[in-house]
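Okay, so here's the structure we're looking at.
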Amino acid sequence: MAVYTEVSDEALRAFLSGYDLGELIAFRGIAEGVENSNYALKVTGGDFILTLYEKRVDPAELPWFLGLMRHLAAGGLACPEPVAGRDGEALRELAGRPAAICTFLPGVWPRRPAVTHCGPLGGALAALHAAGQGFTAERPNSLGPQGWGPLLERCRPNADTVQPGLCAELDGHLAGILREWPPLSGQGSLPRGQIHADLFPDNVFFLEEARGKPRVSGLIDFYFACTDILAYDVAICLNAWCFEPDLSFNITKARALLAGYDAVRPLSAAERDALPVLCRGAALRFLLTRLYDWTNTPPGALVTRKDPLEYLRRLRFHAQATGVSAYGV
C-alpha cells in the first residue's frame with residue numbers, strides 16, 4: 001500500500017482552506033508506490049494528487065524536487081506540477097508531514113511493457129533531459145558511483161545468505177565498473193544534467209491513440225531525480241524496460257527505446273560507447289538497494305522488498321556485452 005499517514009476530513013478541509021481550489025468532492029488513498037502517502041483529490045477546481053512525504057524523503061530536498069517539477073512542466077513536459085497555495089508556497093504541512101498538491105495526469109502505466117511503449121518512452125526521457133537543461137540548481141546523486149561501495153559494505157554481513165558467493169561477485173563487478181566509469185569533467189566526460197533516475201514502468205503513464213498506438217501522457221515520481229550523466233538515465237531505462245519476465249534481454253525493445261531517444265536528443269558516439277558500463281552501473285545500483293532492503297527490512301515493515309537477484313541477472317548480461325551493438329545500435 002502507499003498510504004502510511006492517515007488524513008482526517010477535518011484536517012484535509014483545513015489544509016485546503018489555504019488554496020483556491022474550490023470545495024472538496026472526493027478523497028481516497030492510492031494503493032501504489034512505496035515511498036510516500038498519496039491521495040487522489042477531487043475538488044470543484046478539478047482533479048489533483050496530494051502527497052505526504054514520509055521519513056525516507058529528506059524534507060530539506062523537497063524544494064529542489066518541487067522546483068524541478070515546476071520547471072519541467074513549464075517547459076512543456078507532461079509531469080506533475082506543484083500547486084501553490086494563496087501564500088505562493090507549494091510545500092506545506094499536513095498530519096505532521098511535509099505535503100504538497102500536484103496536478104493530476106491521466107493515463108495508466110504498462111504492467112507488461114511492449115515494444116510500442118519503448119519508443120515513446122525514449123522520446124519522453126529525451127524531452128525531460130532537454131527541458132531540464134534550464135534548471136541550474138544541482139542535486140548530487142546520493143545513489144551514484146561514490147555511494148555503491150559504502151552501500152555494499154552495509155550489505156556485506158548478510159549478502160551471502162541471499163546467494164552464496166554473492167559478495168565476492170559484487171566486489172568484482174564494482175571494481176570493474178568504477179575503473180571504467182566516465183569522469184565527471186575533462187577528457188572522457190559525458191553530458192550531464194537533470195535526470196529522473198527511477199523511470200520504471202510504474203512511473204510512466206500512457207494513453208492509447210487511434211489504432212492502439214500508445215503515447216506517453218505523464219512522467220511521475222521525481223523523488224530520486226538528481227544531477228548526473230544523462231546517458232545514465234538511458235541505462236536505467238534499458239534495465240527497467242528491456243528485460244522480459246524470464247530476464248532475457250529484448251534487443252528489439254532496446255532498439256526502439258534508443259531510437260525514440262535519438263529522435264529528440266541524439267546520443268553522441270561517446271555516450272553510445274559508454275552504454276555497457278553505464279548499464280552495469282545502473283544494474284548494480286538497483287541490485288544494492290534491493291539487497292539492502294531484502295536483508296535489513298524487519299517483518300511487517302512498510303517497505304516492499306524486491307528480489308535483488310533479478311538485477312544480478314541483468315548485471316551479468318551487461319558484463320558480457322562486448323559493445324553498444326548488444327543494445328541494438
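The values are calculated or read from the model by the stated rules, or taken from the named source; none is laboratory data. Everything numeric in this text was worked out from a predicted model, so none of it was measured. Ideal geometry is used to build each Cβ from the backbone, glycine not excepted, and the neighbour counts take in all protein chains shown.
Based on what the data block shows, is R56 among the charged types (D, E, K, R), within 26 Å of A235 (Cα to Cα) and modelled with pLDDT of 95 or more?
No.
Take region 58-71 and flag every residue that is under 12 Å from Y223 (Cβ atoms) and surrounded by 18 or more Cβ atoms within 10 Å (Cβ to Cβ).
L62, W64, F65, L66, L68, M69, listed by residue number.
Could you list, ordered by first residue, the pairs with Cβ atoms under 8 Å in which the first is in region 83-100 and loosely packed, with under 14 Cβ neighbours inside 10 Å and the second is outside any loop (DSSP other than H, G, I, E, B) and not charged (D, E, K, R), at least 6 apart or interchain?
What qualifies is E93/A99.
Would you mention how many residues in region 15-60 are part of a loop (DSSP other than H, G, I, E, B) and at positive phi?
Here is the first cut: in region 15-60, the residues part of a loop (DSSP other than H, G, I, E, B) are 17-23, 30-36, 44-45, 53-58.
Checking the rest, the ones that are also at positive phi come to 22, 33.
The qualifying residues number 2.
Could you list all residues from region 148-170 that are of a type in the set (D, E) and within 19 Å of N296 (Cβ to Cβ)?
Those that are of a type in the set (D, E) and within 19 Å of N296 (Cβ to Cβ): E153, D160.
Need pairs with beta-carbon distance below 6 Å; first residue closer than 21 Å to F317 by Cα and within region 152-177, second of a type in the set (K, R) and assigned to a helix (DSSP H, G or I); sequence gap 6+ or separate chains.
C167/R156; I177/R280
From the set of residues in region 255-277 that are in a helix (DSSP H, G or I) and without any contact (Cβ under 8 Å) to a residue 60 or more places away in the chain, which is surrounded by the most Cβ atoms within 10 Å (Cβ to Cβ)?
First, pick out the residues of region 255-277 that are in a helix (DSSP H, G or I): 255-262, 269-277.
This time we only want the ones that are without any contact (Cβ under 8 Å) to a residue 60 or more places away in the chain, so: 269, 272-273, 275-276.
Values: A269: 9, R272: 19, D273: 17, L275: 25, P276: 21.
Ranking the qualifying residues of region 255-277, first place goes to L275.
Check whether at least one residue in region 72-84 is in a loop (DSSP other than H, G, I, E, B), of a type in the set (V, I, T) and closer than 21 Å to L219 by Cβ, and report yes or no.
Yes, because at least one residue in region 72-84 is in a loop (DSSP other than H, G, I, E, B), of a type in the set (V, I, T) and closer than 21 Å to L219 by Cβ.
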